[in-house]
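Please read the structure below before turning to the comments.
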Amino acid sequence: MGAKIDTQVFYDTLDSLYEKKEMERVEPYMLETLARAGELRDLEGIVSVCNELGGLYRAMRRTEEALWTYEKVLEGLEQLGMKGTRNYASALINLGNVHIARKSYQKAYDIDRQALEILEKQNGEPYQIAALCNNMSAALRELGLIKDGKRMAERAIQIIRQMPEFTNELATSYTNLGQAQAREYDYSDARKNLSYALQLYESCSGDKDIHYAVAVYALAGVNEAEGRHEEAEQKYMQAAKLIERDFGHTCDYMQVMEDLERIRRNGGKE
């Protein structure tokens, strides 16, 4: 066997940089370690570093770079003979998440379906299966397959209800269900499930979960559809502040601001 990078040193150094909030050093350190793993033809090292690097790029909304890093992870796992394993399913889930962020919903769904098949065969963690069902629910909804999207959200709810420690994932499941119901103009049930999702988030993490804004924004849309302009305006404003806090002035933030301007015009506000 040839020389390899010391992955424990890599993870420890990375943890230290994150703890010290030395974010400007994180990406250069990972790229330097990746280059060294490449020179050593250390496939396991390449997979480990690319997995962490992909997570960083996803968090930074740099989806192009996240895409190639996660594809590199899958390539490496295949070469290591790990296709069809739980690790491979996890890599597929990460790649699917990037495609959802890029609004490539069909691609995301196809990748997630592969991951689900692996996890079901491997008796995967119920939490991971539920999270995957939520991802697939979101992709199906955006593809216009609303009933299938609802079924996936309901499956996630059924699984997560058995694990009370994962309140946030249950909240995400109810958000997905509410969003699908809103697409079917079932505003009464959508309001009920989105309001419940907000209660769940607030009970365990206040408004700190980065997915909390999604439920707020979805409820704003229901309020607007029902003609509750003041409530809609308040929720759009809240969603905008949360997205700005968590991610800055992203495309999502700009979309909420457009909605806010529209509701002010349509609601007869100055």
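Pairs needed: first member in the stretch 189-205, of a type in the set (Asp, Glu); second member anywhere, not in a helix (DSSP H, G or I); C-beta distance under 7 Å; at least 6 residues apart or different chains. Short answer, once both residue conditions are applied: none.
For residues in the stretch 1-18 being of a type outside the set (Ser, Thr, Tyr) and under 23 Å from the mean Cα position of the chain (by Cα), which is least open to solvent (accessible area, probe 1.4 Å)?
Ranking the candidates gives Leu14 first.
So for the stretch 46-53 (the condition being surrounded by 18 or more Cβ atoms within 10 Å (Cβ to Cβ) and outside any helix (DSSP H, G or I)), does at least one residue qualify? Looking through the stretch 46-53, none of the residues is surrounded by 18 or more Cβ atoms within 10 Å (Cβ to Cβ) and outside any helix (DSSP H, G or I).
Beta carbons closer than 6 Å, at least 6 apart along the sequence or on distinct chains, pair a first residue in the stretch 239-262 that is free of Cβ contacts under 8 Å to residues at least 12 places away in the same chain with a second that is of a type in the set (Ser, Thr, Tyr) and in a helix (DSSP H, G or I) for Glu244/Tyr253.
Do we find a residue being free of Cβ contacts under 8 Å to residues at least 12 places away in the same chain and in a helix (DSSP H, G or I) anywhere in the stretch 211-232? Write out each step before concluding.
Keep residues of the stretch 211-232 that are free of Cβ contacts under 8 Å to residues at least 12 places away in the same chain, which gives 227-228, 231.
Now narrow it down to the ones that are in a helix (DSSP H, G or I): 231.
Among the residues of the stretch 211-232, at least one is free of Cβ contacts under 8 Å to residues at least 12 places away in the same chain and in a helix (DSSP H, G or I), which makes the answer yes.
Of the residues making up the stretch 197-253, those that are modelled with pLDDT of 90 or more and among the β-branched types (Val, Ile, Thr) are Val214, Val216, Val222, Ile243.
Does the stretch 213-221 include one or more residues that are open to solvent by 40 Å² or more (accessible area, probe 1.4 Å) and of a type in the set (Phe, Trp, Tyr)? Show your work before the answer.
As a first pass, look at the stretch 213-221 and keep what is open to solvent by 40 Å² or more (accessible area, probe 1.4 Å): 214, 217.
Then drop every residue that is not of a type in the set (Phe, Trp, Tyr), which leaves 217.
Looking through the stretch 213-221, at least one residue is open to solvent by 40 Å² or more (accessible area, probe 1.4 Å) and of a type in the set (Phe, Trp, Tyr).
Rundown of residues vs (1) open to solvent by less than 30 Å² (accessible area, probe 1.4 Å); (2) among the aliphatic types (A, V, I, L, M); (3) at pLDDT below 95, yes/no style:
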position	(1), (2), (3)
Lys21	no, no, yes
Leu40	no, yes, yes
Lys107	no, no, no
Glu117	no, no, no
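Would you be able to say whether some residue in the stretch 153-160 is of a type outside the set (A, V, I, L, M), surrounded by fewer than 24 Cβ atoms within 10 Å (Cβ to Cβ) and either closer than 25 Å to Lys107 by Cβ or touching a Phe, Trp or Tyr at 6+ places or on another chain (Cβ under 7 Å) (or both)? Yes.
The values are calculated or read from the model by the stated rules, or taken from the named source; none is laboratory data. The shown structure was predicted, so the numbers you read here are calculated from the model rather than taken from an experiment. FYI the Cβ positions are ideal-geometry reconstructions off the backbone, even for glycines, and counts take in every protein chain you see. Just the protein is used for accessible areas: all its heavy atoms, side chains included, with ligands, DNA and RNA removed. Shrake-Rupley method; radii C 1.70, N 1.55, O 1.52, S 1.80 Å.
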